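What follows draws every value from the coordinates through simple rules; no lab data is involved. Computed from a prediction, not measured in an experiment: that's the story for all the values here. Virtual Cβ from ideal backbone geometry, glycine too; neighbours counted across all protein chains shown.
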Amino acid sequence: MAYDSNNVFARILRGELPCKKVHETAHSLAFHDINPLAPTHVLVIPKGAYESLADFTAKATDAELADFTRAIGEVARMVGAEPGGYRILANSGTDANQEVPHLHVHVFAGRNLGPMLKRA
Ligand code: AMP
């Protein structure tokens, strides 16, 4: 599927929409989720036009991959989620109910986050 360049995170990257920035690197941007599900809920996105983790790992350069992975760890440290604990999560596609079709990793922290998934 073609990348939708009008998705909300693409618009944030172009400066068309505001965000509460937490961290920025050459290839990644991190900002607070607009509808937080935990005391700390930050989204980390690559600056490139990638829809999912599969898309990103297939097409991104090693520099983008390294930058993004490192940015996630840096955010966990910056928001104080280390050493108490945190959860990272990336929804991809329909079964995961991905709402925004630009790769993003959620970083949740600040309370006990409960079980990983509800049992079906
Ligand atoms: P997902 O279901 O994994 O695609 O999650 C998309 C996330 O993006 C949700 O947690 C939304 O609250 C969040 N979100 C949507 N629009 C914005 C925005 N303008 N700024 C920050 N977070 C947003």
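Database remark: amide H of Glu51 closer than 5 angstrom to the amide H of Phe56, Leu103 (H placed geometrically; neighbours at sequence offset of 5 or more, or on other chains; Pro and chain starts carry no H).
What net charge is computed for the residues neighbouring Val100, neighbours being all others with C-beta under 12 Å from the C-beta of Val100, Lys and Arg scored +1, Asp and Glu -1?
-3
Relative to the longest principal axis of the Cα atoms of the chain, helix 62-78 runs at roughly 30 degrees. Straight-line cross-link partners of Lys21 among the lysines, defined as a Cα under 30 Å from its Cα and at least 8 positions apart when in the same chain: Lys47, Lys59. Distances between placed amide hydrogens fall under 5 Å for Leu29 paired with Ile45, Lys47, all partners being 5 or more residues away or on another chain. Phi-derived couplings, Karplus 6.51 cos²θ - 1.76 cosθ + 1.60 at θ = phi - 60°, listed residue by residue for the range 46-56: x, 6, x, 7, 10, 7, 8, 5, 5, 4, 4 Hz, with x used for Gly and Pro.
Give me Leu29, Leu37 ranked fewest to most by other Cβ atoms within 10 Å of their Cβ, as a rough exposure proxy.
On the way: Leu29 20, Leu37 9.
Exposure proxy ranking, most exposed first: Leu37, Leu29.
Could you tell me how far the Cα centroid of the range 12-39 sits from the Cα centroid of the range 75-120, in Å? So the two Cα centres are separated by 15 Å.
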